[in-house]
Amino acid sequence: MKKGLVLEGGAMRGMFTAGVLDIMMENGIEPDGCVGVSAGACFGCNIKSHQIGRAIRYNLRFSKDWRYCSVLSWLKTGDLYGGEYDYQILPKKLDYWDVDTFAKSPMEFYAVATNVKNGHPLYHKCSDGGESDLAWIQGSASMPIASRPVKADGFTLLDGGISDSIPLHFMEGIGYDRCIVVLTQPRDYVKKPYSENKLKIFKRGLQRYPAVYEKLVTRHDDYNREIDEILEQERKGEILVIRPRTALHISSICHDPKEKKRVYEEGRQAGQEALAQMKEFWEVQ
């Protein structure tokens with residue numbers, strides 16, 4: 001048995017994932033490998049460094065700091081979530097990401113990003129928490145228009161959710177046969193097409209990356225197909241899914257620490273309720 005953990009993105013909906021992961025860490029439930037998309041990569045990396053509470057801690061501390069996330073940051077730096085501040089200053093100086101523990105852990109951790117050249121997903125194995133890993137995690141979470149594309153290892157990257165929102169097939173394809181999937185949308189969620197106005201903005205802002213634009217046009221179909229496949233595998237008992245009971249209703253740009261804490265606590269509750277199932281599914285004593 002090879003235990004895999006798959007983490008959907010969703011910007012501040014990722015606080016739900018952070019809550020689930022803290023419950024897992026507190027109870028010694030550890031995967032052999034994990035893959036995260038966007039916020040799933042940003043917050044999920046803490047499970048490999050064994051840092052319980054880190055994601056909610058810095059999200060509360062910097063909720064109202066314009067350098068962490070704001071329209072002002074976007075205007076000043078080109079990144080809604082400040083690139084240098086979030087991926088250099090914060091993890092190295094303000095709330096230390098324990099890269100030593102990360103590197104020593106045998107757990108595999110992958111970040112998913114989109115190759116802007118062709119719109120295809122790329123899966124990077126993060127090994128030591130160094131500059132390359134940070135660039136891939138940043139690229140995984142770099143939303144189109146709201147972020148500048150990120151250079152990493154010869155690739156130019158944008159948000160992994162554009163090309164593979166829930167990379168369950170990837171994990172199964174590399175041998176993880178017992179996967180837990182953490183979603184940030186409720187069971188009845190169906191993704192709708194982007195509006196014509198939003199597509200016009202994407203088309204204008206992504207003129208250099210037409211393949212990314214084309215993926216955004218059909219993203220709802222791709223996402224809903226993935227969800228249908230997940231529901232079928234869940235029905236058969238092949239995977240275990242943890243998801244919020246209802247829509248989380250939190251903005252991608254959330255400056256309210258109470259709202260972040262609310263979503264985090266919903267994740268903790270969901271993790272607690274699924275605790276026995278997770279232990280049984282992964283045969284944890």
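The values are calculated or read from the model by the stated rules, or taken from the named source; none is laboratory data. Remember, it's a predicted structure, so these values are computed and weren't measured experimentally. So basically every Cβ, Gly included, is an ideal-geometry build from the backbone, and we count neighbours across all protein chains shown. The accessibility values were calculated without ligands, DNA or RNA, using every heavy atom of the protein model including side chains. Shrake-Rupley method; radii C 1.70, N 1.55, O 1.52, S 1.80 Å.
Scanning residues 5 or more positions from C179 or on other chains, those with amide H under 5 Å from its amide H are G4, L240, with H placed 1.01 Å from N in the peptide plane. A cut-off under 11 angstrom between Cβ atoms defines the neighbours of P31, and their net charge, with Lys, Arg +1 and Asp, Glu -1, is +1.
Per-residue ellipticity at 222 nm, computed for the chain from helices alone with -39500 (n - 2.57) per DSSP H run of at least four residues, works out to -12500 deg cm²/dmol.
Measuring with a 1.4 angstrom probe and ignoring ligands and nucleic acids, F155 comes out at about 80 Å² accessible. Ordering N197, G154, A247 by Cα displacement along the dipole of the chain toward the positive end leaves N197 in first place; charges were set at the Cβ atoms of Lys, Arg (+1) and Asp, Glu (-1). Largest first and in whole Å, the equivalent-ellipsoid semi-axes of segment 1-45 read 18, 13, 6, each the square root of five times a Cα gyration tensor eigenvalue.
For segment 14-110, the share of accessible area belonging to carbon and sulfur comes to 55 percent (1.4 Å probe, ligands and nucleic acids excluded). Backbone phi angles across segment 216-227, fed through the Karplus curve with coefficients 6.51, -1.76 and 1.60 (θ = phi - 60°), yield HN-Hα couplings of 5, 4, 9, 4, 4, 5, 4, 5, 5, 5, 4, 5 Hz in residue order; Gly and Pro are listed as x.
Taking every C-alpha pair closer than 8 Å and separated by at least 6 residues, the mean separation divided by the residue count of the chain gives a relative contact order of 27 percent. Measuring between alpha carbons in the structure, the pairs from K117/K203; K64/K261; K192/K215; K93/K125 lying more than 18 angstrom apart are K93/K125. Once Cα extents along the principal axes in Å is calculated for the structure shown, the corresponding label among (i) 48, 41, 35; (ii) 65, 60, 39; (iii) 53, 41, 37 turns out to be (iii). Put M143, M1, M107 in order of accessible area, highest first, and with a 1.4 Å probe you get M1, M143, M107.
Within segment 220-285, the ratio Rg/Rh, alpha carbon atoms throughout and Rh by Kirkwood, equals 1.06. Solvent-accessible surface of segment 184-285, taken per residue with a 1.4 Å probe and all protein chains present: 63 Å².
Across q = 0.10, 0.11, 0.12, 0.20 Å⁻¹, segment 90-230 modelled as identical point scatterers on its alpha-carbon atoms has Debye log10 I(q)/I(0) values of -0.39, -0.47, -0.55, -1.28, in the order of the q list.
Taking the DSSP beta bridges with both ends in the chain, the antiparallel portion is around 40 percent.
For I227, the solvent-accessible surface with a 1.4 Å probe is about 20 Å², rounded to the nearest 10.
From the alpha carbon centroid of segment 127-155 to that of segment 1-61 is 18 Å. For segment 235-247, the Karplus equation 6.51 cos²θ - 1.76 cosθ + 1.60, evaluated at θ = phi - 60°, returns couplings of 4, 7, x, 7, 9, 10, 10, 10, 8, x, 5, 9, 4 Hz by residue, with Gly and Pro reported as x.
Take every Cα pair under 8 Å whose residues are at least 6 apart in sequence, average their separation, divide by the length of segment 1-134, and the relative contact order is 24 percent.
Taking amide hydrogens as placed 1.01 Å from N in the peptide plane, the amide H of C126 sits under 5 Å from those of F109, Y110, A111, each at least 5 positions away in sequence or on another chain.
The aspartates and glutamates whose alpha-carbon is closer than 18 Å to the alpha-carbon of K260, local same-chain residues fewer than 8 away aside, are E8, D22, D65, D86, D95. Measuring nothing but protein heavy atoms, the accessible surface of segment 131-200 at 1.4 Å probe radius is 53 percent carbon and sulfur.
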